[in-house]
Structures are given as structure tokens and as C-alpha cells.
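> Here it is, the structure in full.
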Amino acid sequence: MNALTANLLAITMRPGRRYDGWRWRYVARYVRRRDDMTCRNCDEHGHIVHHVRHVSEGGSHFTPNLRTVCRRCHAAFHPNNPWLRA
Ligand SMILES: [Zn+2]
Ligand SMILES: [Zn+2]
């Protein structure tokens, strides 16, 4: 599991689309490990992989666009959509 593999998988995923398949699970697992399961916003434990540029705005699934965050910070990032996971 490494950044190259994660981004090669991201190439095959359509930007701007929620994605729940095995490729996304692999990319998300890579990002959680990269970030040590720590929220990059508040340093608490976190496991949600958030898109910096939101998927709904065409954000990509490439690893530079992804951050591990905790549930509380993630809700703050998506004030209009509290049920969005990533
Ligand atoms: Zn947080
Ligand atoms: Zn998010």
C-alpha cells in the first residue's frame, strides 16, 4: 500500500462522483495510514477521509485532495450536509 498505487487507482475513478467501490476503500485506507488515523484539523483521533475540494464540486480522489478528519470537524466542513461521510 503506497501513494503511487493509491493515485493510480484514483486515475480510474471519476471525479465529482461519490465512490464506494474497492478502489476508494484502498485509497481511503492509504490516507488514514498516511495521516496516522489523526484528524489533520484538530489532532484528535479521526477516521473519516475528507475531500478538500468537495466531491460535489468536482473534487478528485487523488491523495493530495484527501485529509483524514474526525467526525466533529467533518460535520463542520459540511454544514449543509451533516450525513456526508467523505
Ligand atoms: Zn478534528
Ligand atoms: Zn468531507
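Here, each number is a calculation from the coordinates, and none is a lab measurement. Worth saying up front: this structure is predicted, and the values here are computed from it rather than measured. Neighbour counts are summed over all protein chains in view; Cβ atoms, including those assigned to glycine, are modelled from backbone coordinates with ideal geometry.
> What list of ³J(HN,Hα) values in whole Hz, one per residue of region 60-66 in order, does the Karplus curve 6.51 cos²θ - 1.76 cosθ + 1.60 (θ = phi - 60°) give from phi, with Gly and Pro shown as x?
7, 9, 6, 4, x, 8, 10
> With a point put 7 Å past each Cα toward its Cβ, work out how far TYR26 is from ARG71 in nm, to one decimal.
Between TYR26 and ARG71, the label points sit 3.0 nm apart.
> Now for a separate question. In whole percent, what relative contact order does region 3-77 give with Cα contacts below 8 Å and a gap of six or more residues?
About 35 percent, as a whole number.
> Computed FRET efficiency, Cβ-Cβ of CYS42 and ALA3, R0 30 Å: what is it to the nearest 0.05?
0.80
> Mind listing the phi-derived Karplus ³J(HN,Hα) values for region 20-31, rounded to whole Hz, using 6.51, -1.76 and 1.60 with θ = phi - 60°, and x for any glycine or proline?
Along region 20-31, the couplings run 10, x, 5, 5, 5, 4, 5, 4, 5, 5, 4, 5 Hz.
> Follow-up. With the alpha-carbon atoms as the only input, what is the per residue convex hull volume for the chain in Å³?
Cα convex hull per residue, to the nearest whole number: 78 Å³.
> Which far-off residues, 5 or more places away or on another chain, put their amide H under 5 Å from the one on THR68, with H placed in the peptide plane?
It is ARG40, HIS50, by chain and number.
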